[in-house]
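Inspection log for the structure reproduced underneath, given as structure tokens.
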Amino acid sequence: MSRPAGIEFVDDPSTLEHYGRDWTRFWSPAPRAVAFPRSTEDVAELVAWARRGRVALVPSGGRTGLSGGAVAGDGEVVVSFDRMRDVVALDTTEPSITVDAGIAVGEVQRRASEVGLCYPVDWAAAGSSQVGGSVATNAGGIRVLRYGMTRDWVRGLTVVTGRGDVLDLNRGLIKNNAGPDLRHLMVGSEGTLGLITRVTLGLIDAPPERSVLLLAFSGLDAVMPAFQSLRCGLDLSAFEFFDRASVEAVATGSGREFPLDEVAPYHAVVEFDDPDGSRQDAALAVFEALVEAGHVVDGTISQSGAQAEELWHWREAISESIAGRTPYKNDLSVRVSRVPGFLTALDELVGQRYPEFEVVWFGHIGDGNLHMNVLKPDDWSIDDFRSACERLTPAVFELVGRSGGSLSAEHGVGLLKRDYLASIKPAAEIELMREIKRAFDPDGVLNPGKLFPPDS
């Protein structure tokens, strides 16, 4: 079957490997080609072509996901949005910005800042993550505590469904109660219902200056009392948690010296509004109270933007620092108050099953999100390590289900967690999800095999 004219297709080996995978490394990329549409019309033509030939399409954004949602390992055609990166409109009255799906989230942030506005959803990979992919996975990041998830900022979407229909959802409106809002079905659907081609995002006024605390905790039981005191005493925008293994990994990877002298099992980067340095005394008062209570054993506060960036480095560089160890990642969430007990139970579970495994813990603990990173022992093959982790995974997700949590806080389900969805969702809900998939993608050409468990 001939390919659509006017759409660029590339099939050299290096391109196929580059675009056929995300940050997971447990599947070998094997797409048949990579398509580079330049418009919504091109995407609609691709979907029509795929339906006629029963060709599977895998959408590809920045490929920074960690659940295998952008993996093309079975002869699919990857749909890259790298040629769709325009800013369509920047409205300073609403305010909002309308962009093509392929533009980087970091570029949206930069364009907004040029006019004194802000897109506040942020994470370490924002410079390479694309807007379409961030919507398809409902990305969260480091400031969910203050600003929420991507879903909370999506004002409108242009989407090509698996039927080939082009939907202009919500059209950027702030208020629209004309029936169910299909926009929210697309957010977090991982490209299984439609291919997002254009997005309107809400913006806010630029936030005030911020300062950053780096804290060392006496133990895990000190973290939540400290969080509660800091949240009551300061206007927090982030509370980011990490363990000592994270510190050691970043120090080894970057060659930097950790700013705190006291060796402690757990740490947090805490960001708070501090216009003109007016909240420094309040921050010091909370810090001293936490030290007196025995919760905090060491800490420091930024005195400049450069110092704030240095403190943030110890949280944001963790993923990159452990990437060479082929980490098996779980992106989990529970209610905020349950985090310490949940982490303790998980740590004990891994220690009992595989005492030789090293686990690195970090996450957005202020919103209940933990990143569990099991590192591959140096003398293990990837296949043996993956098999061991797959034997561990059902017990991990069973514990998540018993804790009333989610097996995917922000990276999606993809291939990695698809078969375990029943551990947190009842059968009736999963069947309704399948029915929605069939309605939007009757021929199953959009990202097949992802997110939805196979029919039993």
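Tabulated data for the structure shown
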quantity: On Cα atoms only, tilt of 427-440 relative to the major axis of the chain in degrees; calculated: 50 degrees
quantity: The chain: radius of gyration over Cα atoms, expressed as a fraction of 2.2 N^0.38 Å; calculated: 0.99
quantity: Ordering of 421-432, 111-122 by burial proxy (mean other Cβ atoms within 10 Å per residue, highest first); calculated: 111-122, 421-432
quantity: Point-charge dipole on Cβ atoms (K/R +1, D/E -1) for segment 326-411, about Cα centre, debye to 20; calculated: 380 debye
quantity: Karplus-derived 3J(HN,Hα), 6.51/-1.76/1.60, for each residue of segment 226-239, Hz, glycine and proline x; calculated: 5, 4, 5, 5, 5, 5, 6, x, 9, 8, 6, 10, 7, 9
quantity: Average Cα contact separation per residue, the chain, under 8 Å, 6 or more apart, as relative contact order %; calculated: 17 percent
quantity: DSSP bridge pairs, segment 8-80: antiparallel proportion in percent, nearest 5; calculated: 30 percent
quantity: Proximal lysines to LYS376, defined as alpha-carbon separation beneath 22 angstrom and excluding residues fewer than eight positions away on the same chain; calculated: LYS329, LYS417
quantity: Debye-sum result for segment 8-80 in log10 I(q)/I(0), which assumes one identical scatterer on each alpha carbon, at q = 0.19, 0.27, 0.28 Å⁻¹; calculated: -0.70, -1.24, -1.29
quantity: Positive-end residue of VAL270, GLY449, GLY68, charge dipole of the chain with Cβ unit charges; calculated: GLY449
quantity: Cut-off under 5 Å, modelled amide H: who pairs with THR197 long-range; calculated: THR158, VAL159, VAL160
quantity: Fraction of beta bridges assigned by DSSP in segment 309-409 that are antiparallel (%, nearest 5); calculated: 95 percent
quantity: ³J(HN,Hα), Karplus 6.51/-1.76/1.60, whole Hz, each residue of segment 158-163, x for Gly, Pro; calculated: 9, 9, 9, 6, x, 7
quantity: Label-point separation, SER2 to GLU348 (7 Å along Cα→Cβ), nm; calculated: 6.7 nm
quantity: For segment 374-388, 3J(HN,Hα) per residue [Karplus equation, 6.51 cos²θ - 1.76 cosθ + 1.60, θ = phi - 60°, Hz, x = Gly/Pro]; calculated: 8, 8, 5, x, 4, 9, 9, 6, 4, 5, 5, 5, 4, 4, 5
quantity: Ellipticity estimate at 222 nm from DSSP helix runs (n ≥ 4, -39,500 (n - 2.57)) divided over the chain, nearest 500; calculated: -9500 deg cm²/dmol
quantity: Largest-first principal axis extents, alpha carbons of segment 243-388, Å; calculated: 54, 34, 24
quantity: Convex hull of segment 41-129 built on C-alpha atoms - directionally averaged projected area, nm²; calculated: 7.1 nm²
quantity: DSSP beta bridge pairing in the chain, given as percent antiparallel to the nearest 5; calculated: 85 percent
quantity: Segment ARG256-GLU358, length gained on full extension (0.36 nm per residue, minus Cα span); calculated: 34.5 nm
quantity: Among VAL166, HIS295, PHE227 the positive-end extreme of the charge dipole of the chain (Cβ point charges); calculated: VAL166
quantity: Positive dipole terminus of the chain, leading residue within PRO377, ILE196, ALA44 (C-beta point charges); calculated: ALA44
quantity: Simple Cβ-charge dipole of the chain, Lys/Arg +1 and Asp/Glu -1, about Cα centre, in debye nearest 20; calculated: 1680 debye
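Coordinate-derived values only; no laboratory data. Since the model is a prediction, treat every value here as computed from it, not as a measurement. All Cβ positions, glycine included, derive from the backbone under ideal geometry; neighbour counts span all protein chains shown.
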